[in-house]
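All of the numbers you see were taken from the coordinates with simple rules; none came from a lab. Being a predicted model, the structure only gives us computed values, none of them experimental. Using ideal geometry, Cβ is built from the backbone for each residue, glycine included, and neighbour counts are taken over all protein chains shown.
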Amino acid sequence: MKTISFEDFESVDIRVGTITKIEDFPEIKNPSYKIWVDFGEELGIKKTSAQITKLYTKEELIWKQILWVVNFPPKQIGKFMSEFLLTWFAMDDGIVLGGTERRVKNGLKLL
């Protein structure tokens, strides 16, 4: 494991956001969803894509709060622009999302 400074940690902007819209993303090779997330007043609504179809249905994900890294540069995924990165745990049976224990205000920063 690589050790980092506290300043390194502070440079990663991890926020909580609520999934408000989700669609299938059939145009790309690996099964994925297109996801829109509400980050509150400061950041607004942003979108991303994620290969999380193995463990999550669209119905399970809508209105779910997840932790997201919001200060990576946007990345083009097919014809879709991904504006942030979700946090997740790699399991043998798929990806498990990083979330909150309780509902919190959208846009709060992980400290």
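Grab the Cα-Cα distance for ASP93 and THR57, subtract it from 0.36 nm times how many residues apart they are, and report the gain in nm with one decimal.
The ASP93-THR57 span can extend by a further 11.5 nm.
By a straight-distance test (C-alpha under 20 Å), which lysines pair with LYS64 as possible cross-link partners, with residues fewer than eight away in the same chain excluded?
Answer for LYS64, where 20 Å is the Cα cut-off: LYS21, LYS34, LYS46, LYS47, LYS54, LYS105, LYS109, listed by chain and number.
May I ask you to derive the FRET efficiency for MET1 and ASN30 from their Cβ-Cβ distance with R0 = 30 Å, giving the value to the nearest 0.05?
Plugging the Cβ-Cβ distance into 1/(1 + (r/R0)^6) gives 0.60.
Shape call for the stretch 11-97 from the C-alpha gyration tensor, a ≥ b ≥ c root eigenvalues: rounded (a/c under 1.5), prolate (a/b greater than b/c) or oblate?
Rounded shape, in that the Cα axes give a/c under 1.5.
Whole-Hz ³J(HN,Hα) for each residue in the stretch 28-44, computed from phi via Karplus 6.51 cos²θ - 1.76 cosθ + 1.60 with θ = phi - 60°, x for glycine and proline: what do you get?
10, 4, 8, x, 8, 10, 8, 10, 10, 10, 8, 9, x, 4, 5, 9, x
Can you sort PHE80, PHE72, PHE89, PHE25 from fewest to most other Cβ atoms within 10 Å of each residue's own Cβ? Could the numbers behind the result be given before it?
Working: PHE80 17, PHE72 13, PHE89 9, PHE25 20.
Placing the least packed residue first, the sequence is PHE89, PHE72, PHE80, PHE25.
Compute the Cα gyration tensor for the stretch 1-57, then decide on rounded, prolate or oblate, letting a ≥ b ≥ c be the square roots of its eigenvalues: rounded whenever a/c is under 1.5, prolate when a/b is larger than b/c in the other cases, and oblate in all that remain. Please report the intermediate quantities before stating the final value.
Working: a/c = 3.02, a/b = 1.50, b/c = 2.02.
Oblate.
Which net charge results for the neighbourhood of LYS109, defined as the other residues with beta-carbon distances under 12 angstrom from its beta-carbon, given Lys and Arg at +1 and Asp and Glu at -1?
Once all neighbours under 12 Å are counted, the net charge is -1.
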